[in-house]
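Beneath this line is the structure, given in structure tokens, with notes to follow.
Every number here is computed from the coordinates shown, using simple stated rules; none is lab data. Everything numeric in this text was worked out from a predicted model, so none of it was measured. Cβ atoms come from the backbone with ideal geometry, glycine included; neighbour counts cover every protein chain shown.
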Amino acid sequence: MALTEKDMLDVYETMILIRESESQMTSLYQNGKLPGHILPCLGQEAIPSAFSKVLKGSDFVVTGHRGGGHYIARGGDFKGMWAELYMKRNGVMKGKGGQMHLVDMQKNTIAGNAIVGATWVLGTGAGFAAKLGKKGAIVACFGGEGATNRGTFHEAINLAAVKKLPVIFVCENNRKQLWNDISETTAVKNIADRAASYDIPGITVDGNDPVAVYEKAAKLAERARDGDGPSILECKTFKWTDSGSNLRLEKEEVEYWKTRKDPVALFKKKLEGMKILDAQADEKIRKAINEKIEKAIEFGQQGKDPLPEEALEDVYSIPVSNKTGGAH
Ligand SMILES: Cc1ncc(C[n+]2csc(CCOP(=O)(O)OP(=O)(O)O)c2C)c(N)n1
């Protein structure tokens, strides 16, 4: 179950793709070149990248509002994502969702919704779908530590535990919500300690170390596939930016995490130490990734705006039994 050298390089590449894409997105947004609102996952790249080696294509991923990295790690339509960031018709949500709503159902991935705490109930819902589907699929459901203080966390995980649903509830604990530090909002030391309330396993891990995340997540995934039910995995990390600005984060704290705990830099050093990456290989990876991003940005920029008359399309689902039936 250990990661091979090839796996590690794949994880590293995914981390770079997320880092570079989210950096470009943040910079364009800060310069007024992207519309809407963004919630980058800079600093948290190790978590989605590690999960890319845990999950199968048939598994489900559900996230909260900071889900861009998960969409990328699942191999969601990358050009379509960039078109969505520009809110264009060729975007994955036809330009009507924006960065917080990146969905690719070909990849069983719902990377985002704007309601803090909704992710947990969507995760439990996907858990029912996975269990009823009887194909051995599992669900990885991601959300912030702030979102664990919503009632939905309790309701969703309690039900998942009662029904033994195959869901890993992953808390990406980046310490900050909008205005507060976790010390001001949360009584327990570790979010994973709450697992005891549901009689399920709860594990806390360094969320900036992709190998550590992988090892713990792989065990929880195996248990979910074996029908042993849900678990909580808490990944301790830090967000380098909130919604494209650093207004609500302390500069010194951000600096500490950027210089001492950067997941990409630390993993690069590890791979170099293991002699599976050198400067030349690193440059090659980055060059290919930057070309991919450049092309995707171009695709997004060339898209057309959604039309006003399309605003109400795709709002309601059409029941399978009534495909011509319009809105319900
Ligand atoms: C129900 C609800 N309440 C408030 C908000 C506003 N809001 C957006 S992000 C956020 C903080 C969430 O913190 P956390 O869950 O820790 O995630 P992070 O942003 O740190 O990744 C809040 C309160 C919201 N989107 N939805």
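If R₀ is 25 angstrom, what is the calculated FRET efficiency for the pair Arg260 and Arg286, using the beta carbon separation as r and rounding to 0.05?
0.65
What is the Cα radius of gyration of the chain over 2.2 N^0.38 Å, N being its residue count?
For the chain, the normalised Cα radius of gyration comes out at 0.98.
Just to be sure I understand the model, the point goes 7 Å from the Cα along the line to the Cβ. What's the resulting Asp228 to Gln302 distance in nm?
Inter-label distance under the simple model: 5.1 nm.
Describe numerically, in nm with one decimal, the distance between label points set 7 Å from Cα along Cα→Cβ at His154 and at Lys33.
4.7 nm
Compute, for the chain, the length of the dipole vector about the Cα centre, with Cβ point charges of +1 (Lys, Arg) and -1 (Asp, Glu) only. Units Debye, rounded to 20.
Value, rounded to 20: 520 debye.
Over the Cα atoms of segment 143-261, what is the Rg over Rh ratio if Rh follows Kirkwood?
Working: Rg = 15.2 Å, Rh = 15.1 Å.
Looking at segment 143-261, the ratio lands at 1.00.
Considering Cα pairs under 8 angstrom that are at least six residues apart, work out the relative contact order of segment 5-303 and quote it in whole percent.
RCO, segment 5-303: 23 percent.
Spin-label point model (7 Å from Cα, Cβ direction): what's the Lys6 to Asn180 distance in nm?
Using points 7 Å along Cα→Cβ, the separation is 4.8 nm.
Is segment 100-187 rounded, prolate or oblate when judged by the Cα gyration tensor, a ≥ b ≥ c being the square roots of its eigenvalues, rounded requiring a/c under 1.5 and prolate requiring a/b larger than b/c?
oblate
Give the cross-link partners of Lys275 among the lysines, using a straight C-alpha distance below 17 Å as the criterion and excluding same-chain residues fewer than 8 apart.
Partners found: Lys6, Lys284.
If R₀ is 30 angstrom, what is the calculated FRET efficiency for the pair Asp193 and Lys269, using the beta carbon separation as r and rounding to 0.05? If you can, show how the numbers build up before the last one.
On the way: r = 31 Å, r/R0 = 1.05.
The computed FRET efficiency comes out at 0.45.
Would you mind computing the Rg to Rh ratio of segment 1-157 from its alpha-carbon coordinates, Kirkwood style for Rh?
Looking at segment 1-157, the ratio lands at 0.97.
Using the charge dipole of the chain (Lys, Arg: +1 at Cβ; Asp, Glu: -1 at Cβ; taken about the Cα centre), state which of Ile191, Ile47, Phe169 has its Cα farthest towards the positive end.
Phe169
May I ask which of Lys56/Lys96; Lys216/Lys261; Lys79/Lys270; Lys33/Lys292 have a Cα-Cα span longer than 24 Å here?
Numbers: Lys56/Lys96 29 Å; Lys216/Lys261 20 Å; Lys79/Lys270 31 Å; Lys33/Lys292 19 Å.
Listed pairs above 24 Å: Lys56/Lys96; Lys79/Lys270.
Sum -39500 (n - 2.57) across every DSSP H segment of at least 4 residues in the chain, then divide by the residue count to get the 222 nm mean residue ellipticity, nearest 500.
Result for the chain, helices only: -13000 deg cm²/dmol.
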